[in-house]
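Encoded as structure tokens, the structure appears first; notes follow it.
The values are calculated or read from the model by the stated rules, or taken from the named source; none is laboratory data. Worth saying up front: this structure is predicted, and the values here are computed from it rather than measured. With ideal geometry, Cβ positions are generated from the backbone for all residues, glycine too; neighbour counts draw on all protein chains shown.
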Amino acid sequence: MERLEFIAQRTLKGIVVLLGIVVLNFLLIRLAPGDPAAVMAGEAGASDELFLQQLRQQFGLDRPLLEQLWAYVANILSFDFGFSYRQQRPVVDLLAERLPPTLLLTGTAFVLSLAAGVTLGVMAARRAGRWSDSAITVVALFFYATPLFWVGLMGVLLFSVTLGWLPAFGMGSVGVKLGGVERVIDVGRHLVLPALTLTLFHMAVYARMTRASMLEVRDQDFVRTARAKGVGEGEILRRHVLRNAILPVVTIAGMKAGYLLGGSIVVETVFAWPGIGRLAYEAVLQRDYNVLLGVFLVTSALVIAVNLATDVIYSLVDPRIELGA
Amino acid sequence: MAALRDFWRRYRRNKGAVVGLVVLASILLVAAFGPVIYPGNPWDMAGAPFQSPFGAENPLGTDTLGRDVATGIVHGARVSLLIGFVATLAAVGVGICVGAVAGYFGGRVDDLIMRLTEFFQTIPSFVFAVVLVAIFTPGIGSIVTAIAVVSWPAVARLVRGEFLTLRTREFVQASVVLGRSARHIIFVEILPNAISPIIVSASLMVATAILVESSLSFLGLGDPNMMSWGYMIGASRSVVRLAWWTSFFPGLAIVLTVLALNLVGEGLSDALNPRLSREGR
């Protein structure tokens with residue numbers, strides 16, 4: 001019962017935050033320089049007076065501010081994110097079409113970076129102070145300081161141009177019809193470079209965090225007690241240190257979901273990956289603000305969902321968590 | 001003086017931090033005096049397009065429009081550092097004020113401010129920065145504002161935590177008894193005692209700000225009047241197959257700068273919080 005209450009509470013909080021972001025979107029449109037109808041229409045649509053009239057009508061832009069806000073929220077809640085004049089399609093359709101590739105990319109990168117980062121962090125912590133620890137630390141520091149677009153471009157140079165191993169852009173080979181397994185392999189080959197680009201930076205983050213967390217837990221009393229009881233070093237590491245050290249890393253990983261989505265704007269731009277990141281880039285180029293704000297809303301909603309999922313899984317896994325908090 | 005010497009002794013123990021400091025100092029020198037060595041306008045044609053690097057005329061080659069890559073990097077250093085430092089300063093300023101008020105007054109005020117901070121931390125920060133810069137038209141001002149807007153919550157949380165513990169200390173209670181104003185206690189009594197972790201996180205924040213700025217410029221959201229490293233890479237990414245140097249060298253400049261700042265930040269952390277300094281390094 002307590003758990004259900006906890007989940008309900010967190011869900012409610014997520015909904016409130018999401019509503020806050022809708023209001024923020026509205027404020028952004030109002031605060032932007034120029035006629036809000038022109039902002040919504042985007043640069044391409046701003047010259048079409050009929051379209052502007054229609055927008056003013058739909059969003060009540062000639063009425064008081066609070067009524068405008070209400071109209072805006074009502075439209076968003078009925079999944080009407082507006083119309084992209086430039087692409088001549090409703091924004092919702094564009095988002096729905098572009099979301100799956102982004103989820104594939106960021107999901108892959110999330111799993112890979114967490115797995116690789118934790119492994120490297122554990123290795124470094126076990127050999128703290130020795131050369132292999134230093135090597136891992138240097139690699140992590142390097143990728144932590146490297147902009148995603150540069151890693152991506154250098155990856156293209158090395159693996160596509162020089163070695164010719166992997167495709168440099170897109171999500172599938174153009175002009176070939178592939179079915180079943182072959183298609184999966186084709187998409188997989190296209191996924192390697194963008195996913196690795198997104199992985200390396202976050203891998204560095206998780207490796208550094210895991211190492212620090214392991215070293216902290218290693219010195220705690222319960223570890224000393226286990227050692228005093230005669231538990232073997234390998235088991236101490238697995239059962240006592242790692243289990244406790246990994247919890248904060250996973251929490252942070254859940255909280256950092258937004259960074260993966262932000263990074264996907266850059267990575268999808270480099271690799272012409274047809275997701276919402278690339279959509280955001282196109283919207284920036286074309287000053288298509290409705291689409292851009294739609295991407296902002298969807299990515300925010302995803303982050304809220306991931307945070308909620310982390311909270312819930314946590315309450316199930318870790319008995320120490322305070323449900324009331 | 002003794003405190004400073006003590007600080008330097010502890011800082012020096014972290015070899016990486018010393019290397020970082022040397023690299024950072026060199027980059028600052030380049031930013032300050034580089035335009036004297038490369039007086040040319042970075043936007044001007046300085047040779048034929050696509051000149052390979054290591055030539056006599058253009059040591060790092062030229063780009064699609066024949067602009068000199070080395071000149072661009074030298075001028076870009078100013079933009080990156082300027083935006084990195086100013087945005088951090090703004091974020092730290094806002095973060096200190098918000099966090100101090102929340103931590104000092106506690107209760108309802110703290111609740112309200114923390115909810116707001118959480119809200120801003122939930123929003124995917126880079127996407128938000130892109131939206132802000134795009135809507136308020138790209139320029140130094142909007143870029144600095146956007147980076148500050150997405151960066152202040154972390155400082156606020158940090159400062160709040162420090163204030164929550166410090167405000168219960170005796171010296172603070174003594175000031176309260178003496179009838180000092182809240183403003184005096186916050187800025188004169190408590191803040192100086194909370195400054196070390198703020199300095200550490202600020203130095204790391206400059207690094208992040210530079211990465212964000214370069215990503216924004218890469219996407220075409222840089223200041224159109226200022227040559228920046230991200231812009232150079234974004235403008236020549238379509239010709240990366242033909243002219244690797246047009247992307248490689250500006251990227252290297254970003255990596256070196258950010259790496260140096262991160263190393264300095266870790267060194268500061270070791271030197272300012274000796275109790276927290278990690279072992280095994």
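Tell me which residues, restricted to the stretch B:238-258, are at the interface with another protein chain (Cβ under 7 Å from one of its Cβ atoms) and in contact with a Pro (Cβ under 6 Å, 6 or more places away or on another chain).
B:ILE254
Count, please, the residues in the stretch A:258-277 that happen to be more than 8 Å from chain B (Cβ to nearest Cβ) and surrounded by fewer than 23 Cβ atoms within 10 Å (Cβ to Cβ).
2
From B:ALA3, B:ALA46, B:ALA56, B:ALA31, which residue is at pLDDT below 85, within 21 Å of B:MET232 (Cα to Cα) and hydrophobic (A, V, I, L, M, F, W, C)?
B:ALA46
Just one of the numbered conditions (1) closer than 30 Å to B:GLY222 by Cβ; (2) at pLDDT below 90 is not true of B:SER125; which one?
(2)
Could you tell me which numbered condition B:PRO192 fails, if it satisfies all but one of (1) over 27 Å from B:PRO138 (Cβ atoms); (2) at the interface with chain A (Cβ under 10 Å from one of its Cβ atoms); (3) of a type outside the set (A, V, I, L, M, F, W, C)?
Result: B:PRO192 passes all but (2).
Could you pull out the residue among A:ALA212, A:ALA125 that is within 14 Å of chain B (Cβ to nearest Cβ) and either acidic (Asp, Glu) or crowded, with 22+ Cβ neighbours inside 10 Å (or both)?
Result of the check over A:ALA212, A:ALA125: A:ALA125.
Taking the stretch B:223-244 as the search range and keeping residues that are touching a Gly at 6+ places or on another chain (Cβ under 6 Å) and farther than 15 Å from A:PHE149 by Cα, which one is surrounded by the most Cβ atoms within 10 Å (Cβ to Cβ)?
B:MET227
Residue under question is B:SER203, and the condition is that it be among the hydroxyl-bearing types (Ser, Thr, Tyr), farther than 30 Å from B:THR64 by Cα and either under 17 Å from the mean Cα position of the chain (by Cα) or modelled with pLDDT of 90 or more (or both); does it hold?
When the stated conditions are applied, B:SER203 passes them.
What residue, among those in the stretch A:289-306 that are within 10 Å of chain B (Cβ to nearest Cβ) and not hydrophobic (A, V, I, L, M, F, W, C), is surrounded by the fewest Cβ atoms within 10 Å (Cβ to Cβ)?
Once the filter is applied, the top-ranked residue is A:SER300.
Return the only residue of A:VAL138, A:VAL156, A:VAL151, A:VAL174 being exposed (fewer than 14 other Cβ atoms within 10 Å of the Cβ) and farther than 30 Å from A:HIS240 by Cβ. Lay out the reasoning, then the answer.
On the way: A:VAL138 fails: farther than 30 Å from A:HIS240 by Cβ; A:VAL156 fails: exposed (fewer than 14 other Cβ atoms within 10 Å of the Cβ); A:VAL151 fails: exposed (fewer than 14 other Cβ atoms within 10 Å of the Cβ).
So the residue among A:VAL138, A:VAL156, A:VAL151, A:VAL174 that is exposed (fewer than 14 other Cβ atoms within 10 Å of the Cβ) and farther than 30 Å from A:HIS240 by Cβ is A:VAL174.
Please specify each residue of the stretch A:128-154 satisfying the condition of being more than 29 Å from B:VAL240 (Cα to Cα) and either at pLDDT 90 or above or more than 7 Å from chain B (Cβ to nearest Cβ) (or both).
A:ARG130, A:TRP131, A:SER132, A:SER134, A:ALA135, A:ILE136, A:THR137
Determine, yes or no, whether B:ALA100 is under 24 Å from the mean Cα position of the chain (by Cα), at pLDDT 90 or above and away from chain A (no Cβ under 13 Å).
On the way: under 24 Å from the mean Cα position of the chain (by Cα): yes; at pLDDT 90 or above: yes; away from chain A (no Cβ under 13 Å): yes.
For B:ALA100, the condition - under 24 Å from the mean Cα position of the chain (by Cα), at pLDDT 90 or above and away from chain A (no Cβ under 13 Å) - is met.
Name the pairs: first residue in the stretch B:201-224 and more than 9 Å from every other protein chain (Cβ to nearest Cβ), second residue of a type in the set (S, T, N, Q) and assigned to a loop (DSSP other than H, G, I, E, B), Cβ to Cβ under 6 Å, at least 6 apart or on different chains?
From the stretch B:201-224, the pairs are B:SER217/B:SER228; B:GLY222/B:SER228.
Out of (1) away from chain B (no Cβ under 12 Å); (2) within 20 Å of B:SER215 (Cβ to Cβ), the odd one out for A:VAL205 is which?
(1)
Please go through the stretch A:155-188 and pick out each residue that is more than 10 Å from every other protein chain (Cβ to nearest Cβ), in contact with a Leu (Cβ under 7 Å, 6 or more places away or on another chain) and closer than 11 Å to A:PHE271 by Cβ.
Hits for the stretch A:155-188 are A:GLY155, A:LEU166.
Tell me which residues, restricted to the stretch B:135-162, are within 14 Å of chain A (Cβ to nearest Cβ), in contact with a helix residue (DSSP H, G or I) (Cβ under 9 Å, 6 or more places away or on another chain) and either more than 23 Å from B:ILE190 (Cβ to Cβ) or without any contact (Cβ under 8 Å) to a residue 12 or more places away in the chain (or both).
B:ILE135, B:PHE136, B:PRO138, B:GLY139, B:SER142, B:ILE143, B:THR145, B:ALA146, B:ILE147, B:VAL149, B:VAL150
Anything in the stretch A:87-132 that is more than 22 Å from the chain's Cα centre (by Cα) and closer than 30 Å to A:ASP288 by Cα? List them, or say none.
A:GLN87, A:GLN88, A:ARG89, A:PRO90
Looking at (1) touching a Leu at 6+ places or on another chain (Cβ under 9 Å); (2) over 21 Å from A:ILE276 (Cβ atoms); (3) aromatic (Phe, Trp, Tyr), find the lone condition where A:TRP70 falls short.
(1)
Grab the helices (runs of 4 or more DSSP H) fully contained in the stretch A:1-86, keeping just those with 1 or more residues being away from chain B (no Cβ under 14 Å), at pLDDT 75 or above and surrounded by fewer than 18 Cβ atoms within 10 Å (Cβ to Cβ).
Once the helices (runs of 4 or more DSSP H) in the stretch A:1-86 are filtered for at least 1 residues that are away from chain B (no Cβ under 14 Å), at pLDDT 75 or above and surrounded by fewer than 18 Cβ atoms within 10 Å (Cβ to Cβ), what remains is A:2-31, A:49-59, A:65-77.
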